């Protein structure tokens, strides 16, 4: 079970993410960010031409998620690519090694400037799923 919801937020974009596993939480976070950056890009073309492999070390799971999204956002802006899929070689509470897959784009629908730590905290909810909020600075 993976899902996300866009929540109204003054001058920013806020997401509520929920997933059964940490890996699914990271995957749905990438999908949601990609949808914000370029609506329907990932559903239109699933034949991904471009990849980036990277490693991240962070102080905890929440910081790792924010750093993961920030790294992908940086690659997106530098390369004009919408990244839609991730494969994890390693994913622990403080470290990940991942490859992301995407395609070039002519334009972004939304100019996401940053992924913030504001309101981000990965917790288990009453349904025993992992949940967090992510706020994007636009």
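What follows draws every value from the coordinates through simple rules; no lab data is involved. This is a predicted model, so every value here is computed, not measured. As a convention, Cβ positions derive from the backbone with ideal geometry for all residues, glycine included, and neighbour counts pool all protein chains shown.
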(request) With an 8 Å cut-off on Cα pairs and a minimum separation of 6 or more residues, tell me the relative contact order of the chain in percent. (result) 30 percent
(message) For 41, 76, 70, which order do you get if you count the other beta carbons within 10 Å of each Cβ and list the fewest first?
(response) 70, 41, 76
(message) Tell me the mean residue ellipticity at 222 nm calculated for the chain from its helices only (DSSP H runs of n ≥ 4, each -39500 (n - 2.57), averaged over every residue, nearest 500).
(response) -9000 deg cm²/dmol
(message) Using 5 Å bins from zero, what percent of all Cα-Cα pairs in segment 1-84 falls into each bin?
(response) 3, 13, 22, 27, 22, 11, 3, 0
(message) As a footprinting exposure proxy, order 132, 105 by other Cβ within 10 Å, with the fewest listed first.
(response) 105, 132
(message) Taking the beta-carbon count within 10 Å as an exposure proxy, list 73, 15 from fewest neighbours to most.
(response) 73, 15
